[in-house]
Amino acid sequence: MKKSMTTIAASLTLLMALSACGGNNGNNGNSGSADNSAAQPSGGSASAEAPAKEVTLRVTSWVPEMKPAMEKIGEQFAKENPGVTVDFSIIPGDQYENITKTKLLANDAPDLFFMFASRVDELAANGLIGELSGASFYDRLLPGFQKKSADGKLYALPVDYSAYGVFYNQDVFKSLNLTPPQTFAELLSVSETIKAAGIEPFALGAKDSWTIENMALPMYASMTKPNEPNFGKDLYDGKASMSDAAFKRPFLALAELQDKGYINKGALGIDYQQSVASVLEGKTAMIASGSYVAGTASTLEADAQLGYFPFPADEGDPGLLMIVDKSLVYSSKGKNPELAQKFIDFFARADIMKMHIEGLNAIPTLGDTNAALPQALLDLGASAAKFRSFSQGFYLPGRAYQTFTEKLLPEIITGKGATDARFAELDKQLKEELQNPKVAVPFEEQ
């Protein structure tokens, strides 16, 4: 694939924009400064010595594109720690959370696993993952990612982050004399022009159910968050409702895109990879999702160049959602907790993190990771420097989240719409979930 590349160092706006991301920043320390020893082997907080016998560290993720780089990373760790083998495996994304939690509760979890950042606090509150006491990487995290759990402890290495918006085929836009829309009304007009040309406006690979939520996230960032930045906290405090117009607006907009035929037909029958491929091939023009789209695109054989624009608001400036994509944690009941902590410190080293970031075309959370980025992510960086960024998406714990992902979102994509009854059900379930004292407290955006 033909890509215009540069380095993070040459795209400082992308990194510096993160300092504006909200959240409880714990101890800010001296973040963002380069650690001259970062590229050297680090003993970290857990100074485990080389095992006296053969040890296999099991590591899991839901992202198949990680495998090539992870195998190299595992080989390097084994080289530096004789007697250790790193076994990296993939669990399908739509099953990943449930399978991982089941294994944790059955004391059969891998030593380490990548986890959705939104689930880290819940796992920590239930004692299922271990604390990273004295982690050497914390001060190297960009300011927006120096966050600890509610108990003031650190449980995860935030590995990379996603910023959400619309990635589009630049050749399709150029051939139709289109420019990135500035409002939702303009987006509808652009979509109609694309549809009239015989091209489907939006690609959605809803066979992978998580893609529907990830299409809604940039809409929420632009249509709800600018005016209600702490909507999640307000829900938790009983000051807001999921039946409020502010919460419903992005889902009504998603339903409008579906009703007008602007989302590809048969979305439930194609997966995420196929949806990205359809944009690169020009069969569809846009995909609303996270910045990992650029990484997926780099693995596919195509000459198309992707561009980026924030999902437009109804009026005024859009918002950008920039949240940790993958966090690396270790099982509190695993067989090798000290070695697992050593692996996390190893993974945070600048030279090792560079292998991961470049292998996935992801965006790093560590300020001294000097990796290359494709053009779409540089466009994203320009938007991040221009518009307000947020770092918390939907606040939907427990059963409310299940109803959201298994009922509301699929109903929208199948043309049943976003009904008042479903939002009322979400409200009822949220209130029930909030009776649980271990429910994670949403943070306030800054």
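The values are calculated or read from the model by the stated rules, or taken from the named source; none is laboratory data. Given the structure is predicted, the values throughout are model-derived calculations rather than measurements. Reconstructed Cβ throughout: ideal geometry from the backbone, glycine too, with neighbour counts over all protein chains shown. Quick note on the areas: whole protein, heavy atoms, side chains included, nothing else; ligands and nucleic acids left out. Shrake-Rupley method; radii C 1.70, N 1.55, O 1.52, S 1.80 Å.
Quick look at the values:
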read-out: Filter result for the condition that a residue is aliphatic (A, V, I, L, M), more than 20 Å from PRO201 (Cβ to Cβ) and more than 19 Å from the chain's Cα centre (by Cα), over LEU280, LEU339; value: LEU339
read-out: Test: residue in the range 280-293 that is part of a helix (DSSP H, G or I) and of a type in the set (A, V, I, L, M); value: yes
read-out: Counted residues, the range 348-377 - those being among the aliphatic types (A, V, I, L, M) and either without any contact (Cβ under 8 Å) to a residue 12 or more places away in the chain or within 25 Å of TRP210 (Cα to Cα) (or both); value: 7
read-out: Residues that are in contact (Cβ under 8 Å) with a residue 12 or more places away in the chain and assigned to a loop (DSSP other than H, G, I, E, B), drawn from the range 223-237; value: THR224, LYS225, PRO226, ASN227, GLU228, PRO229, ASN230
read-out: Qualifying residue in the range 260-274 (condition: closer than 16 Å to PHE184 by Cα, surrounded by 18 or more Cβ atoms within 10 Å (Cβ to Cβ) and touching a helix residue (DSSP H, G or I) at 6+ places or on another chain (Cβ under 7 Å)); value: yes
read-out: Residues that are open to solvent by 20 Å² or more (accessible area, probe 1.4 Å) and either among the polar types (S, T, N, Q) or not in a helix (DSSP H, G or I) (or both), drawn from the range 419-438; value: THR419, LEU434, GLN435, ASN436, PRO437, LYS438
read-out: Some residue of the range 178-190 being at pLDDT 95 or above, among the aromatic types (Phe, Trp, Tyr) and surrounded by fewer than 24 Cβ atoms within 10 Å (Cβ to Cβ); value: yes
read-out: Residue in the range 164-173 that is open to solvent by 40 Å² or more (accessible area, probe 1.4 Å) and closer than 23 Å to VAL276 by Cβ present; value: yes
read-out: Some residue of the range 228-240 being of a type in the set (S, T, N, Q) and in contact with a helix residue (DSSP H, G or I) (Cβ under 7 Å, 6 or more places away or on another chain); value: no
read-out: Residue within the range 143-151 that is at pLDDT 90 or above and either touching a Phe, Trp or Tyr at 6+ places or on another chain (Cβ under 9 Å) or assigned to a helix (DSSP H, G or I) (or both) present; value: no
read-out: Among (1) of a type outside the set (Ser, Thr, Tyr); (2) surrounded by fewer than 19 Cβ atoms within 10 Å (Cβ to Cβ); (3) under 20 Å from TYR161 (Cα atoms), the one test that LEU105 misses; value: (3)
read-out: Selection from the range 406-415 of residues that are within 17 Å of PRO250 (Cβ to Cβ) and open to solvent by 40 Å² or more (accessible area, probe 1.4 Å); value: LYS407
read-out: Residue count, the range 123-134 (criterion: in contact (Cβ under 8 Å) with a residue 40 or more places away in the chain and open to solvent by less than 20 Å² (accessible area, probe 1.4 Å)); value: 4
read-out: Every pair of residues 6+ apart whose Cβ atoms lie under 7 Å, when the first sits in the range 184-206 and is within 12 Å of GLU256 (Cα to Cα) and of a type in the set (A, V, I, L, M) while the second is buried (at least 23 other Cβ atoms within 10 Å of the Cβ) and modelled with pLDDT of 95 or more; value: LEU187/PRO312
read-out: Output for the range 72-100, where each listed residue is within 19 Å of the chain's Cα centre (by Cα) and touching a residue at least 12 places away in the same chain (Cβ under 8 Å); value: ILE90, ILE91, PRO92, GLY93, ASP94, TYR96, GLU97, THR100
read-out: Which listed residue is crowded, with 19+ Cβ neighbours inside 10 Å, small (Gly, Ala, Ser), over 18 Å from the mean Cα position of the chain (by Cα) and modelled with pLDDT under 95, from GLY295, GLY334, GLY290; value: GLY334
read-out: Given (1) buried (at least 19 other Cβ atoms within 10 Å of the Cβ); (2) more than 26 Å from LEU142 (Cα to Cα), number of the condition LYS342 does not satisfy; value: (2)
read-out: Any chance GLY198 is crowded, with 21+ Cβ neighbours inside 10 Å and not in a helix (DSSP H, G or I); value: no
read-out: Lone qualifier among THR405, THR419, THR365 - being farther than 30 Å from GLY261 by Cβ and of a type in the set (Ser, Thr, Tyr); value: THR365
read-out: Meets criteria (at pLDDT 90 or above, closer than 30 Å to ALA106 by Cα, outside any strand (DSSP E or B) and not small (Gly, Ala, Ser)) for LEU339; value: yes
